[in-house]
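The structure under discussion appears below in the form of structure tokens.
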Amino acid sequence: MTENTEATGGPERRVRVVLVDDHRMFRTGVQAEIGRTEETGVEVVGEAADVDQAVTVITATRPEVVLLDVHLPGGGGVEVLRRCAPLMSAAEDPVRFLALSVSDAAEDVIGVIRGGARGYVTKTITGTDLVDSVFRVQEGDAVFSPRLAGFVLDAFASTDAPPVDEDLDRLTQREREVLRLIARGYAYKEIAKQLFISVKTVESHVSAVLRKLQLSNRHELTRWATARRLV
């Protein structure tokens, strides 16, 4: 691939992509943003909303790159990676994964990278940068949003396994996501909008978190999250 071809970002280069995200509106938005194949070179060949669908679609289509959300029904992005390990390690035409998530938490980043993903970008990324990231992952590069690479470098530089936090392990992935946003001062309506869920669902998650962690209110929750550097 020549440098001129890379610069054009047009139809001279192509990549087949599968979108995995449990929010249909988000998948539709990504498809509209990057899936204009004649302009971007990206061909979206499949979509999935949960772990089982993802494994089925990825196995059937054998894309070059999978855009993978971290938090999915059925076990999350890490489970998709585990079940698709043979496709990632294939000698010819391996499937490569790029995590695309609203979460920028260290444990989420490290988890999917340990699982085999080639990179991790947040949903604040622009369409142009996402297309560029997809092609870089196709070519075997590692791609990260700003500051996230530091999490990975720190994790893999350490020879010690990260300590297990039994309290945190009681929470589901979605509850952890809501916890971090609450701790950052987001209102329920803001959280609902960012996570594409209802305010009532946010309230249910907060109640579950408070119950599991034996906390009384969101102020205690914020202190708990800050003490664990989850914010």
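Just so you know, all these numbers are worked out from the coordinates, no wet-lab data involved. Since we're looking at a predicted model, the values are computed, not measured. FYI the Cβ positions are ideal-geometry reconstructions off the backbone, even for glycines, and counts take in every protein chain you see.
Classify region 24-66 as rounded, prolate or oblate, taking a ≥ b ≥ c as the square roots of the eigenvalues of its Cα gyration tensor: rounded when a/c is under 1.5, otherwise prolate if a/b is larger than b/c and oblate if not.
Details: a/c = 3.51, a/b = 1.42, b/c = 2.48.
Oblate shape, in that a/c is at least 1.5 and b/c is the bigger or equal ratio.
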Exercise. Lys200: which lysines have alpha carbons under 17 Å from its alpha carbon, excluding same-chain residues fewer than 8 sequence positions away?
Worked result: Lys189
For this session: Take each of the peptides 178-190, 72-84, average the number of other beta-carbon atoms within 10 Å over its residues, and list them starting from the highest.
Result: 72-84, 178-190
Exercise. What is the extension gain from Glu203 to Thr28, computed as 0.36 nm multiplied by their sequence separation minus the C-alpha to C-alpha distance, in nm to one decimal?
Worked result: 60.3 nm
Exercise. Does region 103-145 classify as rounded, prolate or oblate by the C-alpha gyration tensor (a ≥ b ≥ c root eigenvalues; a/c under 1.5 gives rounded; else a/b over b/c gives prolate, otherwise oblate)?
Worked result: oblate
Exercise. In a shell of Cβ-Cβ distance under 14 Å around Ser103, excluding Ser103 itself, what net charge do Lys and Arg (+1) and Asp and Glu (-1) give?
Worked result: -2
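Ranked highest first by the average count of other Cβ atoms within 10 Å around their residues, in what order do 45-51, 23-29 fall?
Working: 45-51: 19.4, 23-29: 14.0.
Result, highest mean Cβ count within 10 Å first: 45-51, 23-29.
If you stretched the chain out fully between Ala85 and Ala60, how much longer would it get, using 0.36 nm times the residue separation minus the C-alpha to C-alpha distance?
On the way: separation 25, 0.36 × 25 = 9.00 nm, distance 1.47 nm.
Gain in length upon complete extension: 7.5 nm.
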Seminar exercise, completed: Scalar couplings 3J(HN,Hα) for region 188-201 by Karplus 6.51 cos²θ - 1.76 cosθ + 1.60 (θ = phi - 60°), nearest whole Hz, x for Gly and Pro, are 4, 5, 5, 5, 4, 5, 5, 9, 6, 10, 7, 4, 4, 5
